[in-house]
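Heads up: the structure comes next, in structure tokens.
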Amino acid sequence: MRLYYSLMLIIPVLLGVFMALGGSGRSDAVAQMSAVPAPVLATPVETGVQKIVLAGGCFWGVEAVFEHTRGVISAVSGFAGGAAKDASYKRITTGQTGHAEAVEVTYDPSMITLGQILQIYFTVAHDPTQLNRQGPDVGTHYRSEIFATTTEQASFARGYVAELDASDAFAAPIVTKVGLLEKFYPAEEYHQDFAAKNPGNPYIVIHDRPKVAALKAAFAELYED
């Protein structure tokens, strides 16, 4: 991710061309975005504030999507899934700690269901068919993985993945892993709210603003500014 980001910084003309063609990131394809099928199986009954941790490539974009989702109380960028006792951006990018860039999503189930959160995750937050990568970002720390905080969440997520695969919602099989969260480590402060704080950043403009636009297009009733 950061090598690509650095490249973009030294080729600003590419950003200018992109902005001239529609810098909002809302292409015709995004404007016509439709959601993957909603879960058929019953969503677990949840009461009170709930959490789930979602990995899907660079956490900047995943965080941005859920920061614009109604019913989400907070979205925090961080790391999950590794064997090491602690995690930092510098350590996890070596690929040796086993962690993934992930986002802790805290939500109010009276306003948004787990099924809707996962539908957004699979539709606009990332491409669940890409193995150990998302777009220009490559490595196991960019993998697609759901870290459930309850066994009910995990069972539901596995069932939903099976439904989506059976429905041929994607042209390739879903590679998303599902497991129980052991520990979530918040990322460094400069990573938090990165898209909101850096709207003109080339990486954000090209890769993450379109995700937020797609959320608005496909889930208008759940989108908030």
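Between Glu221 and Tyr190, the distance separating the two model label sites (each 7 Å from Cα on the Cα→Cβ line) works out to 4.2 nm. Its residues counted as N, the chain yields a C-alpha radius of gyration over 2.2 N^0.38 Å of 0.97. Normalised per residue, the accessible area of the chain is 45 Å², obtained with a 1.4 Å probe and no contribution from ligands, DNA or RNA. Enclosing the Cα atoms of the stretch 95-225 in their convex hull gives a volume equal to 134 cubic angstrom per residue. If a paramagnetic tag sat 7 Å from the Cα of Asn132 along the Cα-Cβ line, which residues of the stretch 177-216 would have the backbone N under 19 Å from that point? So the set is 177-179.
Per-residue surface analysis assigns Lys211 an accessible area of about 40 Å², computed on protein heavy atoms at 1.4 Å probe radius. Quick one: plug the Kirkwood hydrodynamic radius of the stretch 170-225 (C-alpha pairs) into Stokes-Einstein at 4 °C, 1.567 mPa s, and report D in µm²/s. D = 90 µm²/s. Protection proxy ranking of 42-50, 72-80, 214-222, by the mean of other Cβ atoms within 10 Å over each peptide's residues and highest first, is 72-80, 214-222, 42-50. Dividing the mean sequence gap of close Cα pairs (under 8 Å, 6+ apart) by how many residues the chain holds gives a relative contact order of 32 percent.
The values are calculated or read from the model by the stated rules, or taken from the named source; none is laboratory data. Quantities reported herein were computed from a predicted structural model and do not represent experimental measurements. Cβ coordinates were reconstructed from backbone atoms using ideal geometry, including for glycine residues, and neighbour counts include every protein chain displayed. These accessible areas exclude ligands, DNA and RNA; they are computed on the full protein's heavy atoms, side chains included. Shrake-Rupley method; radii C 1.70, N 1.55, O 1.52, S 1.80 Å.
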